[in-house]
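The structure appears below as structure tokens.
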Amino acid sequence: MKVGITGQGGFVGSHLYNYLNLMDDIQLIGFKKSYFENQSSLCAFVSQCDVIVHLSAMNRHDDPQVIYDVNVGLVKKLLSACVEQKVTPKILFSSSTQEDADNPYGLSKKDGGDLIAAWAEKHNAPYVNMVIPNVFGPFGKPYYNSVVATFCHQLTHGEEPSIINDGNIKMIYINELTEVIYELIKSSQNGKFKIEHKHEIKVSALLEKLQSYRDSYLQEGKFPNIDDSSLDLALFNTFRCYIDHDHYPVSFIKHTDDRGSFVEIVRANTSGQFSFSTTKPGITRGNHFHTRKSERFAVIQGKAKISLRKIDSEEVIDYIIEGDNPAYVDMPIWHTHNITNIGEDTLITLFWINEPYDAEDPDTYFVIV
């Protein structure tokens, strides 16, 4: 099935693109923002797609009218291209729980959805108007996408968040949303579809959780309890992705006496799996990424280069660690990573991961750094 995503470079779009790229039954058709300013490019795009997930939209602007005009205008351009090419791809439209609110953003979603519904009825085309709740997750833009993104950015950059309205937030984690959209792409669902929120939390309780991650994990390297709650794991993985890369490697506290040395590798309020590896000089291990697992690499002997790359980026981050000064690097989700022995002796690395390996659900995807 050929699927195109308008707004594939945005928060939801990039996550959806990366998730669908893991599916054997999906062929992704690339989209660029410039297509909306080039009719021939937009026409070529729609003519290739069996399904279009329309996510392109403006959320904020100093002039509210601009928000409405841009969002409705994007829908009109998309439908115009479909009419010109005489194609009827299934369109999944990203609406919002604000569509009934009296504000320009909500009105743009309501009117945009109505335009797609009218086009679908006229051309006997399938469509889904997805009413989406608040979305949070890694790589969201602070002060723009969600309060979670804003709080995480502030807490990892020495700022102290403030609460304006301590109400309840109904949210869905980005991984949960992409799974729902994938099922809608494959399903026969037609018309309006309300995507239910998965989590509800008071703003003050949310901030308290994130502050605890700053205090225990960021400052002390201690993993929180992420066993019992899908929300806790989602929030923790989101928080970790706002930590600057230069936070690593983190040196261990090395206790030395006449007997030798002792180093504590991991302190955690959660379960997990420990393992170790020996690696010969010049050999590289890894080249894979995870979408939910928390993992720590601790070098205790030899000389290693640990490399990471966000899977939709070309930037590679390298860390050099030597066993004489044992240190660790924690792997953020959606970052492919590896470790190479760049020394002359055997490299010894300890690994901790928050869940034991399950061959039926490994959450391990192989991509070269």
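The values are calculated or read from the model by the stated rules, or taken from the named source; none is laboratory data. All values derive from a computational prediction rather than experimental measurement. Cβ atoms come from the backbone with ideal geometry, glycine included; neighbour counts cover every protein chain shown. The protein model used for the area step is the full one, side chains on, heavy atoms only, and it has no ligands, DNA or RNA in it. Shrake-Rupley method; radii C 1.70, N 1.55, O 1.52, S 1.80 Å.
Helical content alone sets the calculated 222 nm signal of the chain at -9000 deg cm²/dmol, taking -39,500 (n - 2.57) per DSSP H segment of four or more residues and averaging over every residue.
Quick one: ranking Cys43, Cys241 by accessible area, 1.4 Å probe, largest first, what do you get? Could you put the intermediate results ahead of the total?
Details: Cys43 5, Cys241 30 Å².
Final ranking, largest accessible area leading: Cys241, Cys43.
Using a Förster radius of 45 Å, what is the FRET efficiency between Thr364 and Arg259 based on their Cβ-Cβ separation? Nearest 0.05, please.
E between Thr364 and Arg259, to the nearest 0.05, is 0.75.
Among the listed pairs Lys186/Lys222; Lys110/Lys141; Lys86/Lys141; Lys76/Lys209, a Cα-Cα separation exceeding 32 Å is found for Lys186/Lys222; Lys86/Lys141; Lys76/Lys209. The slack in the chain from Lys280 to Tyr143, taken as 0.36 nm per residue of separation less the alpha-carbon distance, amounts to 44.7 nm. Derived scalar couplings between HN and Hα for segment 157-162 equal 10, x, 9, 10, x, 10 Hz in order, rounded to whole Hz, by the Karplus curve 6.51 cos²θ - 1.76 cosθ + 1.60 (θ = phi - 60°), x for Gly and Pro.
Using only the Cα atoms of the chain, construct the convex hull and provide its projected area averaged over every direction, in square nanometres to one decimal. Walk me through the intermediate numbers first.
On the way: hull surface 82.1 nm².
Over all viewing directions, the chain projects a mean Cα-hull area of 20.5 nm².
Please list 218-226, 76-84 highest first by mean number of surrounding beta-carbon atoms within 10 Å per residue.
Numbers: 218-226: 16.0, 76-84: 18.6.
Output ranking for 218-226, 76-84: 76-84, 218-226.
Computing FRET efficiency as 1/(1 + (r/R0)^6) for Tyr357 and Glu315, where r is the C-beta to C-beta distance and R0 is 25 Å, gives about 0.30. Surface calculation, 1.4 Å probe, protein heavy atoms: His247 sits at approximately 60 Å² accessible. The residues packed around Val83, meaning those with a beta-carbon under 14 Å from its beta-carbon, carry a net charge of +2 if Lys and Arg are +1 and Asp and Glu are -1. Charges were assigned to the Cβ only: +1 to each Lys and Arg, -1 to each Asp and Glu. The resulting dipole of the chain about its Cα centre is roughly 860 debye.
Taking θ as phi - 60° and the Karplus parameters 6.51, -1.76 and 1.60, the scalar couplings of segment 91-101 work out to 10, 9, 9, 8, 9, 8, 5, 7, 5, 9, 7 Hz in sequence order, x denoting glycine and proline.
Only bridges with both residues in segment 112-253 count here: give the DSSP antiparallel percent, nearest 5. If you can, show how the numbers build up before the last one.
Values: 4 of 11 bridges.
Around 35 percent of the beta bridges assigned by DSSP in segment 112-253 are antiparallel ones.
Rolling a 1.4 Å probe across the protein heavy atoms gives the chain an accessible surface of 48 Å² per residue. Gly323 sits among other residues whose Cβ lies under 11 Å from its own Cβ, and their net charge, with Lys and Arg +1 and Asp and Glu -1, is -1.
Largest first, how would Met130, Met23 line up by accessible area (1.4 Å probe)?
Working: Met130 0, Met23 40 Å².
Result, largest first: Met23, Met130.
Converting phi to 3J(HN,Hα) with the Karplus coefficients 6.51, -1.76 and 1.60 and the offset θ = phi - 60°, segment 316-321 yields 10, 9, 10, 10, 9, 10 Hz in sequence order, with x at every glycine or proline.
Given a 1.4 angstrom probe, I'd like the percentage of the accessible area of the chain that is carbon and sulfur, rounded to a whole number.
For the chain, the apolar C and S fraction of the accessible surface comes to 46 percent.
When the surface is traced with a 1.4 Å probe over the full set of protein chains, Ile67 keeps roughly 10 Å² accessible.
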